[in-house]
Amino acid sequence: MVTKQSKRVWFITGASRGIGAEIAAAALAAGDEVVATARDPQRIRERLGSSESLLPVALDVTNEQSVAAAVAAALARFGRIDVLVNNAGYGLIGAVEETSGEDVRRLFETNVFGLLAVTRAVLPTLRKQRSGHVINLSSIGGYKSAHGFGVYCSTKFAVEGLSEALHAELAPLGVAVTVVEPGYFRTEFLEPQSVVETDASIADYAETAGKVRAVAKSVSLQQPGDPVRLARVVVDLSRAERPPLRLALGSDTVAAIEAKNAFVAEELAAWRAVSVSTDFPR
């Protein structure tokens, strides 16, 4: 159920393009005020234009001083934050063995530690208000991992776990938490500026991760999901009286979740006797 509320203030990371920019545009169109952040705020101005309701802010989520400054700028301009959208992040294609330690650390620094830094900086305001909504962008890969995207999926699994804990911790304080799980949406996510490939390429993975490299190039900018519709759904989500912990978006995500749930249920049933045999005898 969705209910109308007064104008809200959004704080959106990674808002210069893709899903982040679409959410910012949808929030502005709904009459809300938006703090849109990116490493280069000029790109936000080019994408979203100028408005009294829009505050473009420079933000590097991997730098806690930058995070603190961006949150301070948001509060100085609008006095509050009602909706935090943790969207900043990027993808990585390659088999787990092909991924260097440096690539893993860099990916987690943005997709997980950056999300944590922004969330920690905004939560004191939400707790003080006893209201607000944290929306963390996960992925179809945050619920069901896949070859070729293993390390990327592991960052989204982390986002899912953090979101579950935050949901339990913040609900008594009047703050909602939702993890949004988009499937393949027609954005630049599979383009070179949003996804990187591992330098290493091992022949033994040609039929798994190797094929993913090729498929990613062929489907880029042809994905089935409509990012404009996604953005409108997220705006509606922010108005929901009882928002969900998880919101799957895209028929591909729904199918993946149903398939994984069926697999887990079948495997649990097959190994149930072994699973419960490890308790102390009663």
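The values are calculated or read from the model by the stated rules, or taken from the named source; none is laboratory data. Predicted model, so just to flag it, every value in this text is computed and none were measured. Positions of Cβ are generated from backbone atoms using ideal geometry, with glycine treated the same way; all protein chains shown enter the neighbour counts. When the accessible area is computed, the model is the full protein with side chains, heavy atoms only, and any ligands, DNA or RNA have been set aside. Shrake-Rupley method; radii C 1.70, N 1.55, O 1.52, S 1.80 Å.
Computed values, structure above
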item	result
Qualifying residue in segment 131-149 (condition: closer than 28 Å to LEU54 by Cβ, surrounded by fewer than 18 Cβ atoms within 10 Å (Cβ to Cβ) and either touching a residue at least 40 places away in the same chain (Cβ under 8 Å) or aliphatic (A, V, I, L, M) (or both))	yes
Test for ALA121: is it of a type in the set (Gly, Ala, Ser), at pLDDT 95 or above, part of a helix (DSSP H, G or I) and open to solvent by 50 Å² or more (accessible area, probe 1.4 Å)	no
Candidate set: segment 29-54, residues that are open to solvent by less than 40 Å² (accessible area, probe 1.4 Å) and assigned to a helix (DSSP H, G or I); chosen: the one nearest to ARG239 (Cα to Cα)	LEU48
Segment 55-83: number of residues that are in a loop (DSSP other than H, G, I, E, B), among the charged types (D, E, K, R) and over 19 Å from the mean Cα position of the chain (by Cα)	1
Residue count for segment 127-140, restricted to those that are over 19 Å from the mean Cα position of the chain (by Cα) and in a helix (DSSP H, G or I)	3
Every pair of residues 6+ apart whose Cβ atoms lie under 9 Å, when the first sits in segment 151-172 and is over 16 Å from VAL122 (Cβ atoms) while the second is of a type in the set (D, E, K, R) and open to solvent by 10 Å² or more (accessible area, probe 1.4 Å)	VAL151/ASP103; CYS153/LYS144; GLU160/ARG246; GLU164/ARG246
Looking only at segment 72-118, and only at residues there that are open to solvent by 50 Å² or more (accessible area, probe 1.4 Å) and charged (D, E, K, R), the one that is farthest from ARG17 (Cα to Cα)	GLU97
Residue satisfying condition, being modelled with pLDDT under 95, over 14 Å from the mean Cα position of the chain (by Cα) and among the aromatic types (Phe, Trp, Tyr), within set PHE185, PHE149, PHE189	PHE149
